[in-house]
Amino acid sequence: MLIAHVADTHLGYMQYNLEERFEDFNDAFREVIDKAIDEHVDVLVHAGDAFHDPRPSIKALKFFREQLRRLHSRGIPVVAVPGSHDMLKRRGMPPLSLFDDLGLKLLTFATPTAEVKGVFFGGFQYLPRHRHDSIIAKLREIELKAREKGSKKVLVLHQALEHLLPIAYEISLAELPKSFNYYAMGHIHNHHVIPYGKGVLSYPGSTEVLSVDEIKHIDDKGFNIVDLSGDEPTIHRIRIESVRPQFRYKSSAEELLALAEKIRKEIVNAKALKKPLIHVEVTSEVDRFTYEKVERLLQPLCLKVRIARKIEEEGYTATTVTELESISVEQAVAEYLKMKGLGDKEASLAIEILRTLSLGNLTEKEAVAKTIEEIEHIFGVKSGESEEDRA
């Protein structure tokens, strides 16, 4: 008996408002299905957060249905639990309820057990920590049913364990029943394997990167193929190759341009199939024109460059993020000139002057001031003078 164990696919997530990121999460899940089929698995287990939103888009639902149809046509059923992102805040059916016609067996608080291809599965949807007593009571109920079965047993949960996520956990390892052969977990986005009871517990991790903290584990994004045929389960780790490259750096304002040149060379040499996402944490205030120069250098090679600056004051910490695609002093200058009664033609000329000046050694303020001075001189507009004043 081979089981494919996947979790935290977060389909439908348009991270950073990019259509490409929506497709990245699709690419990762499609690869999971490809490899599960290639490995001739008997069952696919999804341990929660199939979707990023409890009300996923039609496009995300359609994609998920297409992938389940591929499994269904090969006689591979799916056992799943709703994760924290799959659950509506108020009472309602999770989106996974729509796919029972394609062989998806959903384990919930109301229906926490099922037998699929001779294997006993127990589990239920994500529950927050304040419902700890309910979690423990339901686990005991499932364990009693599991003891009646002589078959292999798999527990499927979307909960965080205390020793792995000590701040935001729901249960501890010792509170899990010990009668299962495999514990198919979800919710924690990094890969873990832990011997427990007479079996093995594992988090396969998310299939794509959802936060900058996950970048250090990017090469281990994947899922598990679990062989239950022996006395103890054997886990084969399957890496996802379609994950978009992401890189994280730290820099001072003075070193940012030099770092950008280094990043550019690294990207060119890497020859990756997908344009990378770049995250840079700067330790001090950066002139906007430096951002513009970084943009010119990196933007053709990157999907997005995100520059974050942490601001720390006594008793207060905040992070501001600048995304290079949205940086535009040019727009501000154009708006200023329109306020002065000048039109698009004059604004276009101003932008060309501004771009030329920004390539030099002027600061942001100096370049903007010089641009406005040139335009006012050319078109006879004085600072503080509007079109009405000239009339």
query = Can you list residues whose amide H is under 5 Å from GLN125's amide H, if they're 5+ apart or on another chain and H is modeled 1.01 Å from N?
reply = PHE109
remark   = For the pair GLU20 and LYS149, the simple spin-label estimate (label points 7 Å beyond Cα toward Cβ) gives in nm 4.5 nm
inquiry  = Going through the cross-link list LYS138/LYS216; LYS59/LYS216; LYS216/LYS304, which pairs have a Cα-Cα distance over 26 Å in this structure?
reply    = LYS138/LYS216; LYS59/LYS216
ask   = Taking θ as phi - 60°, what are the ³J(HN,Hα) couplings along the stretch 36-49 by the Karplus curve (6.51, -1.76, 1.60), each to the nearest whole Hz, with x for Gly and Pro?
value = 4, 5, 4, 7, 6, 5, 8, 9, 10, 10, 10, 8, x, 6
Karplus 3J(HN,Hα) series, Hz, for the stretch 110-123 with 6.51 cos²θ - 1.76 cosθ + 1.60 (x for Gly, Pro) = 7, 10, x, 9, 6, 10, 10, 6, x, 10, 8, 10, x, x
ask   = If you count, for each residue, the other Cβ atoms within 10 Å and average over each peptide, how do 206-214, 120-128, 144-152 line up from highest to lowest?
value = 120-128, 206-214, 144-152
query = Along the stretch 207-220, what does the Karplus equation 6.51 cos²θ - 1.76 cosθ + 1.60 (θ = phi - 60°) give for ³J(HN,Hα), rounded to whole Hz, x for Gly and Pro?
reply = 8, 9, 7, 9, 8, 5, 5, 7, 4, 5, 10, 4, 6, 10
task = Quote the FRET efficiency, to the nearest 0.05, computed for GLU254 versus HIS377 with a Förster distance R0 of 35 Å and r equal to the Cβ-Cβ distance.
result = 0.55
note = Sorted by chain and number, the residues with a modelled amide H under 5 Å from that of HIS187, at a separation of 5 or more or across chains, are ASP8
request  = With a 1.4 Å probe and every protein chain kept in, tell me what percent of the accessible surface of the stretch 216-309 is carbon plus sulfur.
outcome  = 49 percent
key: Heavy-atom accessible area ranking, 1.4 Å probe, most first, across HIS163, HIS85, HIS10   = HIS163, HIS85, HIS10
query = Amide H neighbours of LYS105 under 5 Å, counting only residues 5+ apart in sequence or on other chains, H built in-plane at 1.01 Å?
reply = VAL78, VAL79, ALA80
request  = Might you work out the accessible area of ASP49 for me, using a 1.4 Å probe with all protein chains in place, and round it to the nearest 10 Å²?
outcome  = 0 Å²
ask   = What nm distance separates the two modelled labels at HIS132 and THR234, each placed 7 Å from Cα along Cα→Cβ?
value = 3.9 nm
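The values are calculated or read from the model by the stated rules, or taken from the named source; none is laboratory data. All of these numbers come straight from a predicted model, not from anything done at the bench. Every residue, glycine among them, receives a Cβ derived from its backbone with ideal geometry; neighbour counts consider all protein chains shown. These area figures cover heavy atoms from the full protein model, side chains too; ligands, DNA and RNA do not enter into them. Shrake-Rupley method; radii C 1.70, N 1.55, O 1.52, S 1.80 Å.
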